[in-house]
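Take a look at the structure set out below.
The values are calculated or read from the model by the stated rules, or taken from the named source; none is laboratory data. As the structure is a computational prediction, the values presented were derived from the model and not from experiment. Note that we place each Cβ from the backbone using ideal geometry, even for glycine, and neighbour counts take in every protein chain shown.
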Amino acid sequence: MTAARVLIVEDEVIVSTDLSRKLDKMGYTVTGCVRYGEKALEAARAGEPDIVLMDVHLKGEMDGTEAAEQIVGQLDLPVIFMTAFSDEETIARAKKSGPYSYLTKPIRLEELKINLEMALYKVNTDRKLKEHELFFRTIVDHTYDWETWVGAEGELIYTSPSCRRMTGYGKEQFEADPDLIYSIMVPSGGKDPVPEFKAHRHDKNQKMTMEFCLKKADGSEIWVEHICQPVFSFEGEFLGRRASNRDITGRKAAEEAREKLIAELQDAMDSIKTLNGLLPICSHCKKIRDDEGYWNQVETYVSKYTGAEFTHGLCPDCAKELYPKYFPGKNNSGDPEV
């Protein structure tokens, strides 16, 4: 295991030398000993320590608390303060930079060892927590769907930035106005989705799926599929409900187009069935009687129920019968007359 690296910021040479000796004895690596606060940040950048031992009272223009604030703020390194004074004012000033612990001089070896081990352990734990937080925050903040978490009391705990893409309203607007979601829900088919939506906010048992229409900030409307379920802590405490909201406007449009096409096909099938049945037709003029009792020309009736179009002409037999002068020298059988 690599030895932890420690930067010492102490204006008393005797004290810093003693600390360096003690740290070396405990297996730590000293990256440097700095006497002035103005040099502390530079030394921290150059030496890349894992932790900083910082004297609160330093000679020069910058004391230890100011130097610590710079190191913590810019490099996010843990700091352990050292001081010969333990008055409330000194402690209050030291707290502003968020130190990991606070040692009073003269510093005993065992006390130094315990504080370093605890501080480094806490640093590693905090960094792992930050990594996990970043991991999960990246997942939820960059989901394409709109993710929400409503607490046990109905308060909005989290909403993902995707809410702006879907609705035109930012997460800060939903957080500032918990009832905003209700005000942009649009009744559809004579049904108001708000009562059903509210009814599940405190439900500890059921998963719920519903679809509703939302009016966006620009006045346009979208269809949303809302899926939510209860969530619980490891101890079984009800923590509220987690929900995913997906834009299904395209899907709804496709469904409506499909239903329209099915209806049109069904009408066509009904018409085809009508033509396949028994047709009342006049034996003389060949007109067809429809369901309402009206007599229609064959072409009119067929066009109405099939969409077919007609073009008119004469067959050879009718042509000879109607216009015999255009067919001289032939009898009805087609043979030349004698």
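What the table below lists for this structure:
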| item | result |
| --- | --- |
| Any hit, the stretch 183-198, residues being at pLDDT below 90, outside any helix (DSSP H, G or I), closer than 16 Å to Val224 by Cβ and polar (S, T, N, Q) | yes |
| For Gly64: the one exception among (1) in contact (Cβ under 8 Å) with a residue 40 or more places away in the chain; (2) under 17 Å from Leu116 (Cα atoms); (3) over 44 Å from the mean Cα position of the chain (by Cα) | (2) |
| Residue within the stretch 290-300 that is within 16 Å of Leu278 (Cα to Cα), modelled with pLDDT of 75 or more, within 60 Å of the chain's Cα centre (by Cα) and surrounded by 12 or more Cβ atoms within 10 Å (Cβ to Cβ) present | yes |
| Sole residue being more than 24 Å from Lys130 (Cβ to Cβ), surrounded by fewer than 16 Cβ atoms within 10 Å (Cβ to Cβ), assigned by TED's automatic domain parsing to the domain that holds Lys130 and over 46 Å from the mean Cα position of the chain (by Cα), chosen from Val30, Val13 | Val13 |
| Subset of the stretch 27-48 [of a type in the set (Lys, Arg) and either part of a helix (DSSP H, G or I) or under 16 Å from Asp76 (Cβ atoms) (or both)] | Lys39, Arg45 |
| Residue identified as surrounded by 18 or more Cβ atoms within 10 Å (Cβ to Cβ) and under 21 Å from Thr31 (Cα atoms) among Leu75, Leu112 | Leu112 |
| Residue satisfying condition, being among the polar types (S, T, N, Q) and touching a Lys or Arg at 6+ places or on another chain (Cβ under 9 Å), within set Thr138, Thr167 | Thr167 |
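Let's see how each residue does on (1) in contact (Cβ under 8 Å) with a residue 12 or more places away in the chain; (2) acidic (Asp, Glu); (3) more than 30 Å from Gly73 (Cβ to Cβ); (4) outside the structural domain of Val72 (by TED's automatic domain parsing):
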site: Tyr102; (1), (2), (3), (4): yes, no, no, no
site: Ala119; (1), (2), (3), (4): yes, no, no, no
site: Arg127; (1), (2), (3), (4): no, no, no, no
site: Leu180; (1), (2), (3), (4): no, no, yes, yes
site: Ile184; (1), (2), (3), (4): yes, no, yes, yes
site: Ser188; (1), (2), (3), (4): yes, no, yes, yes
site: Lys191; (1), (2), (3), (4): no, no, yes, yes
